[in-house]
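What follows is calculated from the coordinates using simple rules that are stated; it is not laboratory data. A quick note: this is a predicted structure, and the numbers were derived from the prediction, not measured. Methodologically, a virtual Cβ is constructed for each residue, glycine included, from the backbone with ideal geometry; neighbour enumeration extends over all protein chains shown.
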Amino acid sequence: MTESLEYSALLQLIDERSAAFRSAVAAAPSLDAPVPSCPEWTLFDLVQHLGTGQRWWAAIVAAGPAAAPPAKDAGEVPRELEALLAWYAESNELLLSALREAGPERGCWVWWGAGVSPANAWGVARRRVHEVLVHTYDAQLAAGAVQPMPADVAIDGVAEFLDTCNSTPAAWPHEAATIHYHATEGRSWLLALDGTGAWPAPLPDDAAPASASATGTAEQLLLFVWGRLTLSDLKIEGDRQVFERLIAWEPEE
């Protein structure tokens with residue numbers, strides 16, 4: 001269901017969202033500020049997590065096709081704000097440089113290899129856009145100044161999560177079901193769950209009624225699938241247990 005942005009646009013979004021992330025961190029009262037959406041994390045922990053992730057994925061993309069990923073960078077992360085922001089900016093540039101050098105079609109190790117998202121630099125770039133997007137929300141929440149997400153990016157974020165995190169050939173262990181996600185901006189998606197696995201697609205006009213559906217803004221849907229919002233934050237119709245089972249499911253591939 002990769003109805004997404006061009007590679008160059010993904011790289012630009014990584015850069016733009018990372019700038020927004022740094023701004024949110026700089027505006028926070030302290031690096032020790034708790035991150036409400038990431039229990040037990042401080043803002044420093046969040047920056048360390050995202051920056052280390054950028055460096056790891058840079059190494060993964062640079063390595064090309066591989067059976068396993070390289071080890072994560074165990075280098076010391078500075079704890080003073082200005083130095084930490086510079087370290088994060090460098091981390092982000094390492095990722096962007098690796099993605100530019102690789103080009104969209106270059107294969108690499110990914111943890112989502114059995115799903116819909118491709119195992120290449122394009123798939124990594126798309127994943128990192130939304131990783132930074134959601135963690136920018138986390139940082140803004142910690143700083144007490146949440147800003148609206150760009151609607152078009154949030155729309156792609158919902159589709160990307162379904163492609164990367166929900167799609168799998170592992171058999172759904174419950175009665176077959178369908179979920180519809182409706183963004184109030186006018187986009188909708190289908191997730192089919194049955195013995196062949198979990199498979200997302202844009203919702204066709206002639207789709208049969210869903211077992212369950214969730215309606216909200218694209219940002220609300222994105223924050224829901226990423227675990228930042230709950231079912232009570234959305235308009236839910238049908239069998240809520242389908243959502244509860246999906247959230248609890250850990251497929252073995």
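Taking into account only those residues within the stretch 3-37 that are among the hydroxyl-bearing types (Ser, Thr, Tyr), in a helix (DSSP H, G or I) and buried (at least 18 other Cβ atoms within 10 Å of the Cβ), which is nearest to the chain's Cα centre (by Cα)? The extreme case among them is 18. Within the stretch 43-72, track down each residue that is among the acidic types (Asp, Glu) and not in a helix (DSSP H, G or I). If the condition is that a residue be among the acidic types (Asp, Glu) and not in a helix (DSSP H, G or I), then no residue fits. If you go through the stretch 158-216 and keep only what is surrounded by fewer than 18 Cβ atoms within 10 Å (Cβ to Cβ) and of a type in the set (Val, Ile, Thr), you end up with 184, 196, 215.
Does any residue of the stretch 120-135 turn out to be in a strand (DSSP E or B), in contact (Cβ under 8 Å) with a residue 24 or more places away in the chain and either of a type in the set (S, T, N, Q) or over 30 Å from residue 33 (Cβ atoms) (or both)? Before the answer, list the steps.
Residues of the stretch 120-135 in a strand (DSSP E or B): 120.
With in contact (Cβ under 8 Å) with a residue 24 or more places away in the chain added as a condition, the list becomes none.
No; the residues of the stretch 120-135 include none that is in a strand (DSSP E or B), in contact (Cβ under 8 Å) with a residue 24 or more places away in the chain and either of a type in the set (S, T, N, Q) or over 30 Å from residue 33 (Cβ atoms) (or both).
Scanning the stretch 90-129 for residues that are crowded, with 22+ Cβ neighbours inside 10 Å and touching a Phe, Trp or Tyr at 6+ places or on another chain (Cβ under 7 Å) turns up 95, 122, 124, 125, 128.
Taken as a whole, the condition of being free of Cβ contacts under 8 Å to residues at least 60 places away in the same chain and either crowded, with 23+ Cβ neighbours inside 10 Å or in contact with a Cys (Cβ under 8 Å, 6 or more places away or on another chain) (or both) does not apply to residue 139. Considering the stretch 85-109, and only residues there that are touching a residue at least 60 places away in the same chain (Cβ under 8 Å) and farther than 20 Å from residue 135 by Cβ, the residue that is nearest to the chain's Cα centre (by Cα) turns out to be 104. On the basis of being among the acidic types (Asp, Glu) and assigned to a strand (DSSP E or B), does residue 237 make the cut? Yes: the conditions hold for residue 237. If you check 76, 82, 40 for being under 24 Å from residue 146 (Cα atoms), in a loop (DSSP other than H, G, I, E, B) and free of Cβ contacts under 8 Å to residues at least 12 places away in the same chain, only one passes: 40.
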